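The values are calculated or read from the model by the stated rules, or taken from the named source; none is laboratory data. Predicted model, so just to flag it, every value in this text is computed and none were measured. As a convention, Cβ positions derive from the backbone with ideal geometry for all residues, glycine included, and neighbour counts pool all protein chains shown. With ligands, DNA and RNA removed, areas are computed over all heavy atoms of the protein, side chains included. Shrake-Rupley method; radii C 1.70, N 1.55, O 1.52, S 1.80 Å.
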Amino acid sequence: MGCRMSRKPIAAASLVPLASLTCSRRLTLPSRFAEAIAHDRLAGGKFMSSALPITLIAAGGAALINFWLSMRTGNARRAAKVSIGDGGDPALIGRMRAQANFIEYTPIVLILIGAIELSQGSSTWLWAVTGIYLLGRVGHALGMDGMPVGRFAGTITSLLTMLGLGIYALIIPFTAPNPPVTLVPVTVQQPAG
């Protein structure tokens with residue numbers, strides 16, 4: 001029932017030569033994914049194409065920021081000699097809240113970025129909003145250490161990003177001039193033997 005890797009190329013609806021995947025079930029790919037895979041194969045397969053480059057980079061950036069926030073919290077824990085809780089230490093409380101706040105906002109923002117990119121494609125404004133959001137989150141963390149303008153800017157950036165993307169996501173289905181994402185049927189068969 002599952003999928004496994006193989007060296008045999010498999011043609012998908014005469015559009016996309018998929019390589020290295022065999023399954024015993026029928027798969028359906030959105031056309032954007034199929035086009036990205038086709039582009040990768042035409043380029044010699046040297047680079048893995050991404051159907052959602054903004055989302056991928058945003059998720060990677062968010063992971064790095066979360067790692068940085070974790071390290072800062074750990075350093076504050078060591079300095080305060082507190083392993084569980086906050087021990088009433090203001091510096092530790094600030095860093096814990098900066099990381100918790102990041103975790104509260106970032107998942108929904110990443111989901112909105114991915115959904116908008118999937119439905120509308122990559123665009124310059126979405127790249128800009130993503131970059132501003134991530135920079136705002138860094139500013140918020142620095143603000144929690146005493147840089148008030150950073151905290152204020154990070155908070156406003158997060159709230160406006162979430163609000164703006166949320167409203168835009170609600171409007172897209174009713175105003176999108178593009179046809180909905182078309183699905184390309186892909187039949188994959190497991191090799192005999």
Going by the conditions given, is ALA79 more than 22 Å from LEU56 (Cα to Cα), exposed (fewer than 15 other Cβ atoms within 10 Å of the Cβ), touching an Asp or Glu at 6+ places or on another chain (Cβ under 9 Å) and at pLDDT below 90? yes
Among the residues of the range 100-145, write down those that are charged (D, E, K, R) and touching a Leu at 6+ places or on another chain (Cβ under 9 Å). GLU117, ARG137
Kindly check whether there is at least one residue in the range 100-107 that is open to solvent by 50 Å² or more (accessible area, probe 1.4 Å) and at pLDDT below 85. no
With LEU183, LEU126, LEU142, LEU118 as the choices, which residue is in contact with a strand residue (DSSP E or B) (Cβ under 8 Å, 6 or more places away or on another chain) and either of a type in the set (Ser, Thr, Tyr) or open to solvent by less than 70 Å² (accessible area, probe 1.4 Å) (or both)? LEU118
For the range 83-95, what are the residues that are in a helix (DSSP H, G or I), open to solvent by less than 60 Å² (accessible area, probe 1.4 Å) and free of Cβ contacts under 8 Å to residues at least 40 places away in the same chain? LEU92
